[in-house]
Structure formats: C-alpha cells, structure tokens
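Single-structure report; data block below.
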Amino acid sequence: MMRTQVDCKTASALLLEAVLPVEAQAVPLSQCFGRVLAQDVDALDHVPPFDRSPYDGYAFRAADSRNASKETPVTLEVLEEIAAGMLPTQALVMGTAVKILTGAPLPQGADTVVKYEDTSFTAHSVTLYGPSNPGDNVVKAGEDVRKGERLAQMGSAIDEGTAGTLASQGIAAPLVYRKPVVGIISTGNEVVEVSNPLPPGKIRNANRHSFEAALIRAGCEPKYIGLAGDTATSVSDLIVQGLERCDAVILTGGVSVGDYDMTPAAFDLAGITPLFRGVMLKPGGACLYGIKDSKLICGLSGNPASAITNFNAVAQPAFRKLAGFSRVYPEEITLTLATAFNKSSPSLRMLRGRLDLSDGTAKLVLRGGQGNAVLSSMIGCDVMALVPPGSGPLPAGTKLKGFVI
C-alpha cells in the first residue's frame, strides 16, 4: 500500500533503499574532475620517489660541517653538478660535496643541503660557515605520499588534489562511476519553452532549466525528454520514453489533487509502482515518487521553488547514491537567522538563502519571498535551514539546523 504524507527523513530513506549506483567506467584523468571514484586508490610508489633537494645549493655529509663556523669555515671539494631529472654519478666521501639544483636527487652519502646564499663557492669548491644537521633541507622519499597509503576512497569526487596525486602515481584512467542520465519532463498546457513567444495566460518552462542545473550539481547528466500536456496519456508516454533512455526521471507539475493533475494516473498507465505521495514539508509537500525496473521516477510540484525544495530536502541523497557518492546526505550545520522570519510553521519548513560568514558565524541571509512559486529567492542560494514543525514567527538571531546545497 502506498504511503501518504510521510516525513522527510522517511521519504529520503525510502528513495535511498530503492536505488543503486550506476556502473563504473575507466575515464581519462584529464576528463575526471568532479567524477566519482568507483575504486579505492592506494599509492603504488613513494612521492617523491627519492630524497631530493628543495633548493638550489650544495649537498654534502653533515658530519663534514660539524666544526664549521665563521671563524673556522670548512671547504669541501665539489665533485659534480646535479640538475632536476639527472642522476648522481658519484657517491660522496669525506670532504666532498655536489652542486645540486631544486628537485634533484641527493647522491649516495649526502644527508644534508645548504642554500647557495649561505656559502661561498667556486667552480670546484664550496665553503661552509656553520654546521648542518642530517636531514636539514632534504625532502625525504615518501614525504608527500608513502607507498601503500590510501590516497582516495571509492565514492569520493576527484578534485584538484586527487587528480594531481593520481597523476603522480601513473594512474592515467581511473575507474569512475558513469554519470547517471536523468530525464526531465515538464507538464501543463500553460507551459511554453523558453525560446518560444509567450502568449497571454502562459508561463515559460523555468523548471526544465532549474533542474538541469540541480542535476549537474548532484553529479548527474540531465536529458530533457519533453513537454507534456494535461492528459494522463501524454504524461505517461513521455515517462515511458524517459525510462527507456535514462537512469531516472523527474517530472514537474500535476501531482496535486486538481482536475488537471494527471501525474498519478500517468504513473498507473506507465506501470510505475508508487513509493509514497506527499511529504510533510513546506514548500514542496506535493509530490509523488515511484519505481519501475529499479529506476526512480520523481513527480514534483509545478511550482518551481516547491519542486527544487523537495528535490534538495528529499530526493538529492538518492541521486547522489545513484551517481556513486559514498556520502549522500549533506553535512548538518547550525545557521543563525540574519533577519526575522515572520510566518508560523505548522509543519516542517525549509528556508532557502545565502550563507554569510563575514563576522565569523554562519548566518542565513534570506532572499525574497519563501513561497512555493518564488523561484527568484533561489538565486545565490547555497544553504537551506529547517524550521521545526509547530514553530511560530522567528526573530533575527534564531539558531536553526541546516545544510549546504
């Protein structure tokens, strides 16, 4: 039996249980930024692979400088010059040194480096004016990464550091999850595409473009399926098309209880098993979620802000799981209202706004109205806050639980 009016936590859990990550594929590293690793990555080699110099200077045995001072300097014979990318040809013995450039490997016997500017030198000798200790100015093998160390975990996104570290290990095509393809369907006879003229009484298809952006941020690849009218058959036909071409489908509009709300009937025609209808949330309570052939179908409100709020609060964890992320829920933070919110909240309410850290605290700056149809308040929105059910008007300074989107 289909559930109705479930709480947000239960709704998210039901969706998470219904989906599995998509398959993995090897992708060239240069195309992997933001992709989700489908394997744990352990270091194959030390980084750097050898002891090297961090400076241009001289490498020698620290023991040879033990008695060096300004009054009694020590002069060493310079055997050769070693640049980055070159290998030493001689091992150091007592009383010898090598000229060494940044990044070059230390020769056998050397255990310390001194900068050029701290010495006097000729083409064949270097004079030291103070003692050095073993390990001074030496970048040890494995200082950055040690062989066998866990570098990155399956389910994490590849960022700049991960990409560079994978490259340092010679991993040219890591195994990553394929980007899930998510179909977008808009419904309603009143909706026209953004590129078309706007007749009287019509509205432009804002939901399509809002969800294209939201899905990209969730690690998915959006695919627009089309615009359906207000008939169950037209909606069902597009859902079937979307399921044939995509890993999941989102449609907006037609999920309430009006005469033209045909999404529930379209689910029946398409053979979709409903999971639940309606969540205890404002805005975004009107919704219908279902599953067919292990593919998720999300029926959301036609009101743009309502649909996006529901997606962020309820569906996004499931889409992150679909994309392969191991951390599917956003990290909870505490937000302080920068200004008052003067409405009561009989049910759980989501406030959308901008995170302000200018004074060292996490403040929620509300932008514009918070109603179902006020999409402009999503501009610059990067956090959402949860107002507990049964709350009255909230004064500035109220602390709320929230999350970054």
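Any residue at all in region 94-103 that is open to solvent by 80 Å² or more (accessible area, probe 1.4 Å), under 30 Å from D159 (Cα atoms) and in contact with a strand residue (DSSP E or B) (Cβ under 9 Å, 6 or more places away or on another chain)? Scanning region 94-103, I find no residue that is open to solvent by 80 Å² or more (accessible area, probe 1.4 Å), under 30 Å from D159 (Cα atoms) and in contact with a strand residue (DSSP E or B) (Cβ under 9 Å, 6 or more places away or on another chain), so the answer is no. In this structure, D45 qualifies as modelled with pLDDT under 95 and open to solvent by 30 Å² or more (accessible area, probe 1.4 Å). Between A248, A228, A265, which is more than 22 Å from A305 (Cα to Cα), open to solvent by less than 50 Å² (accessible area, probe 1.4 Å) and in contact with a helix residue (DSSP H, G or I) (Cβ under 7 Å, 6 or more places away or on another chain)? Answer to the check: A265. Using the structure shown, decide if D159 is acidic (D, E), at pLDDT 95 or above and within 30 Å of F60 (Cα to Cα). Against the criterion (acidic (D, E), at pLDDT 95 or above and within 30 Å of F60 (Cα to Cα)), D159 does not qualify. Going through (1) of a type in the set (A, V, I, L, M, F, W, C); (2) open to solvent by less than 10 Å² (accessible area, probe 1.4 Å); (3) closer than 19 Å to R35 by Cα one by one, I216 falls short only on (2).
Just a yes or no: is a residue in region 38-50 under 26 Å from G402 (Cα atoms) and under 17 Å from the mean Cα position of the chain (by Cα)? Among the residues of region 38-50, not one is under 26 Å from G402 (Cα atoms) and under 17 Å from the mean Cα position of the chain (by Cα), which makes the answer no.
Report yes if some residue within region 110-121 is open to solvent by 30 Å² or more (accessible area, probe 1.4 Å), modelled with pLDDT of 95 or more, in a strand (DSSP E or B) and polar (S, T, N, Q); otherwise report no. Yes, region 110-121 has at least one match. Considering region 127-145, and only residues there that are outside any loop (DSSP other than H, G, I, E, B), hydrophobic (A, V, I, L, M, F, W, C) and out of contact with any Gly (no Cβ under 9 Å at 6 or more places or on another chain), the residue that is nearest to L87 (Cα to Cα) turns out to be V145.
All told, V191 falls short of being surrounded by 13 or more Cβ atoms within 10 Å (Cβ to Cβ), within 30 Å of T233 (Cα to Cα) and touching a Phe, Trp or Tyr at 6+ places or on another chain (Cβ under 8 Å).
Can you tell me which residue within region 347-372, out of those that are of a type in the set (K, R) and open to solvent by less than 40 Å² (accessible area, probe 1.4 Å), is nearest to P389 (Cα to Cα)? Out of the qualifying residues, it is R349. Considering region 1-23, and only residues there that are in contact with a strand residue (DSSP E or B) (Cβ under 7 Å, 6 or more places away or on another chain) and assigned to a helix (DSSP H, G or I), the residue that is nearest to F319 (Cα to Cα) turns out to be L15.
Residues are listed down the side, and each one gets a yes or a no for (1) part of a strand (DSSP E or B); (2) among the basic types (K, R); (3) over 22 Å from E193 (Cα atoms):
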{"residue": "D230", "(1), (2), (3)": "no, no, no"}
{"residue": "S234", "(1), (2), (3)": "no, no, no"}
{"residue": "Q241", "(1), (2), (3)": "no, no, no"}
{"residue": "L251", "(1), (2), (3)": "yes, no, no"}
{"residue": "G254", "(1), (2), (3)": "no, no, no"}
{"residue": "D261", "(1), (2), (3)": "no, no, no"}
{"residue": "F267", "(1), (2), (3)": "no, no, yes"}
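Residues that are free of Cβ contacts under 8 Å to residues at least 24 places away in the same chain and among the small types (G, A, S): does region 133-140 have at least one? No - not one qualifying residue is present in region 133-140. Quick one: is L288 in contact (Cβ under 8 Å) with a residue 40 or more places away in the chain, open to solvent by less than 40 Å² (accessible area, probe 1.4 Å), part of a strand (DSSP E or B) and farther than 14 Å from A214 by Cβ? Against the criterion (in contact (Cβ under 8 Å) with a residue 40 or more places away in the chain, open to solvent by less than 40 Å² (accessible area, probe 1.4 Å), part of a strand (DSSP E or B) and farther than 14 Å from A214 by Cβ), L288 does not qualify.
In region 183-207, the residues that are in a helix (DSSP H, G or I) form Cβ pairs under 7 Å with partners that are among the hydroxyl-bearing types (S, T, Y) and surrounded by 10 or more Cβ atoms within 10 Å (Cβ to Cβ), at six or more places apart or across chains, as follows: N207/S186; N207/T252. When the residues of region 76-93 are filtered to those that are of a type outside the set (A, V, I, L, M, F, W, C) and more than 14 Å from S125 (Cα to Cα), which remaining residue is surrounded by the most Cβ atoms within 10 Å (Cβ to Cβ)? Among those that are of a type outside the set (A, V, I, L, M, F, W, C) and more than 14 Å from S125 (Cα to Cα), it is P88. Within region 312-346, the set of residues being open to solvent by 50 Å² or more (accessible area, probe 1.4 Å), more than 17 Å from the chain's Cα centre (by Cα) and among the hydroxyl-bearing types (S, T, Y) comprises T334, T339, S344.
The values are calculated or read from the model by the stated rules, or taken from the named source; none is laboratory data. Just so you know, these numbers come straight off a predicted model, no measurement behind them. Cβ: placed from backbone, ideal geometry, glycine included. Neighbour counts: every protein chain shown. The accessibility values were calculated without ligands, DNA or RNA, using every heavy atom of the protein model including side chains. Shrake-Rupley method; radii C 1.70, N 1.55, O 1.52, S 1.80 Å.
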